[in-house]
Amino acid sequence: MNSVYEGAIQDLIDELGQLPGVGPKSAQRIAFHIMEAETEDVERLRAALAAVKTRVKHCETCGNLAEGEQCSICLDPRRDQSTICVIEQAPDVQAIERTHAYRGLYHVLGGAIDPIRGIGPEQLRIRQLLARLQNSEVKEIVIATDPNIEGEATATYLARMLETMNIPTSRLALGLPVGGDLEYADEITLSRAFEGRRIM
């Protein structure tokens with residue numbers, strides 16, 4: 001879409017267009033919404049953006065989003081300490097939590113193995129996962145990477161790494177479409193995938 005605006009409004013449209021999932025038309029709609037909004041609403045948005053950049057970081061234990069050194073899941077003593085679910089990105093935690101089918105801990109890899117984009121195992125939080133498993137009470141690893149080529153490659157790599165540690169490893173199975181993202185899966189599909197997970 002050709003730009004017909006200039007100055008601050010075009011700069012805002014261009015910046016919004018850089019966000020994932022926001023195309024040129026959506027960027028324009030959001031920009032005009034912000035322009036027409038009350039000053040207090042825009043200030044709240046600005047404050048929320050500033051706060052998330054200064055206060056939110058990654059949990060030292062699992063890599064989930066946290067405002068302290070650890071996330072609320074790692075700090076919760078009611079969670080099942082014997083199971084760790086390995087996922088690609090922090091939004092996957094919320095997708096799984098919505099199912100109420102899993103009560104264990106998580107480990108966020110920070111992506112998936114993707115040689116085309118230059119992402120190998122050393123760019124992911126695999127070393128931290130292996131360190132967590134040393135002298136721990138973990139009895140099962142659930143690999144819940146996305147069911148696409150990169151997710152499958154990552155799951156296979158993890159399964160081989162974990163084989164030497166004699167910890168049973170399972171993979172989410174039933175209900176998840178190939179090429180899909182966990183973040184967008186509905187609760188029933190994810191629940192069935194957990195119930196139907198298989199030993200690798």
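The values are calculated or read from the model by the stated rules, or taken from the named source; none is laboratory data. Just so you know, these numbers come straight off a predicted model, no measurement behind them. Using ideal geometry, Cβ is built from the backbone for each residue, glycine included, and neighbour counts are taken over all protein chains shown.
With the structure loaded, tell me whether Val56 is closer than 30 Å to Pro147 by Cβ, of a type in the set (Val, Ile, Thr) and surrounded by 18 or more Cβ atoms within 10 Å (Cβ to Cβ) or whether it fails that test. It would help to see each step written out before you state the result.
Values: closer than 30 Å to Pro147 by Cβ: yes; of a type in the set (Val, Ile, Thr): yes; surrounded by 18 or more Cβ atoms within 10 Å (Cβ to Cβ): no.
No, not satisfied.
Starting from residues that are of a type in the set (A, V, I, L, M) and assigned to a helix (DSSP H, G or I), keep the ones in segment 151-165 and report whichever is nearest to Asp80 (Cα to Cα).
Taking segment 151-165 as the starting set, the residues that turn out to be of a type in the set (A, V, I, L, M) are 153, 155, 158-159, 161-162, 165.
If we keep only those that are assigned to a helix (DSSP H, G or I) too, we end up with 153, 155, 158-159, 161-162.
Numbers: Ala153: 27, Ala155: 22, Leu158: 21, Ala159: 21, Met161: 23, Leu162: 20 Å.
Of everything passing the filter in segment 151-165, Leu162 is nearest to Asp80 (Cα to Cα).
Which residues, counting only those in segment 1-21, are more than 15 Å from Leu49 (Cβ to Cβ) and not in a helix (DSSP H, G or I)? Break it down into steps so the answer makes sense when it comes.
Step one: filter segment 1-21 for residues more than 15 Å from Leu49 (Cβ to Cβ), giving 1-11, 13-14, 17, 20-21.
Those that are more than 15 Å from Leu49 (Cβ to Cβ) and not in a helix (DSSP H, G or I): Met1, Asn2, Ser3, Val4, Tyr5, Glu6, Gly17, Pro20, Gly21.
Between Ala101, Ala95, which is assigned to a helix (DSSP H, G or I), in the same structural domain as Ser191 (by TED's automatic domain parsing), surrounded by 13 or more Cβ atoms within 10 Å (Cβ to Cβ) and on the phi < 0 side of the Ramachandran plot? If you could, list the steps in order and put the result at the bottom.
On the way: Ala101 fails: assigned to a helix (DSSP H, G or I).
Exactly one of Ala101, Ala95 is assigned to a helix (DSSP H, G or I), in the same structural domain as Ser191 (by TED's automatic domain parsing), surrounded by 13 or more Cβ atoms within 10 Å (Cβ to Cβ) and on the phi < 0 side of the Ramachandran plot, namely Ala95.
Name the single residue, out of those in segment 107-150 being out of contact with any Cys (no Cβ under 9 Å at 6 or more places or on another chain), in a loop (DSSP other than H, G, I, E, B) and of a type in the set (Gly, Ala, Ser), that is modelled with the lowest pLDDT.
Ser136
For the structure I just gave you, tell me whether Val93 is β-branched (Val, Ile, Thr), farther than 27 Å from Glu140 by Cα and touching a helix residue (DSSP H, G or I) at 6+ places or on another chain (Cβ under 9 Å). Give the derivation first.
Working: β-branched (Val, Ile, Thr): yes; farther than 27 Å from Glu140 by Cα: no; touching a helix residue (DSSP H, G or I) at 6+ places or on another chain (Cβ under 9 Å): yes.
In short, no.
Picking from Gly63, Gly17, which residue would you name as being over 30 Å from Arg127 (Cβ atoms) and not charged (D, E, K, R)?
Numbers: Gly63 fails: over 30 Å from Arg127 (Cβ atoms).
That would be Gly17, the only listed residue that is over 30 Å from Arg127 (Cβ atoms) and not charged (D, E, K, R).
Out of segment 59-80, which residues are exposed (fewer than 10 other Cβ atoms within 10 Å of the Cβ) and either in a helix (DSSP H, G or I) or charged (D, E, K, R) (or both)? Give the steps one after another, and end with the answer.
Initially, segment 59-80 is screened for residues exposed (fewer than 10 other Cβ atoms within 10 Å of the Cβ), giving 77-78.
Across segment 59-80, the qualifying residue is only Arg78.
If we scan segment 159-174, do we find a residue that is under 20 Å from Gln94 (Cα atoms), crowded, with 18+ Cβ neighbours inside 10 Å and in contact with a Gly (Cβ under 9 Å, 6 or more places away or on another chain)?
yes
Can you pull out the residues in segment 84-115 that are closer than 12 Å to Phe194 by Cα and of a type in the set (Asp, Glu)?
Residue satisfying the conditions is Glu97 alone.
Checking the structure you have, find out if any residue of segment 4-11 is acidic (Asp, Glu) and exposed (fewer than 12 other Cβ atoms within 10 Å of the Cβ).
Initially, segment 4-11 is screened for residues acidic (Asp, Glu), giving 6, 11.
Those still in the list that are exposed (fewer than 12 other Cβ atoms within 10 Å of the Cβ) too: 6.
Scanning segment 4-11, I find at least one residue that is acidic (Asp, Glu) and exposed (fewer than 12 other Cβ atoms within 10 Å of the Cβ), so the answer is yes.
What residue, among those in segment 119-145 that are farther than 21 Å from Arg79 by Cβ and among the aliphatic types (A, V, I, L, M), is surrounded by the fewest Cβ atoms within 10 Å (Cβ to Cβ)?
Looking at residues that are farther than 21 Å from Arg79 by Cβ and among the aliphatic types (A, V, I, L, M), I get Ile119.
Which ones in segment 42-58 are of a type in the set (A, V, I, L, M), out of contact with any helix residue (DSSP H, G or I) (no Cβ under 7 Å at 6 or more places or on another chain) and in a helix (DSSP H, G or I)? Explain how you work it out, then say what you get.
Quick first cut of segment 42-58, residues of a type in the set (A, V, I, L, M) only: 42, 45, 47-52, 56.
Next, only the ones that are out of contact with any helix residue (DSSP H, G or I) (no Cβ under 7 Å at 6 or more places or on another chain) stay: 45, 47-52, 56.
Those that are of a type in the set (A, V, I, L, M), out of contact with any helix residue (DSSP H, G or I) (no Cβ under 7 Å at 6 or more places or on another chain) and in a helix (DSSP H, G or I): Leu45, Ala47, Ala48, Leu49, Ala50, Ala51, Val52.
With the requirement that a residue be within 16 Å of the chain's Cα centre (by Cα), within 21 Å of Ala153 (Cβ to Cβ) and hydrophobic (A, V, I, L, M, F, W, C), what does segment 97-118 give you?
Within segment 97-118, Val108, Leu109, Ala112, Ile113 qualify.
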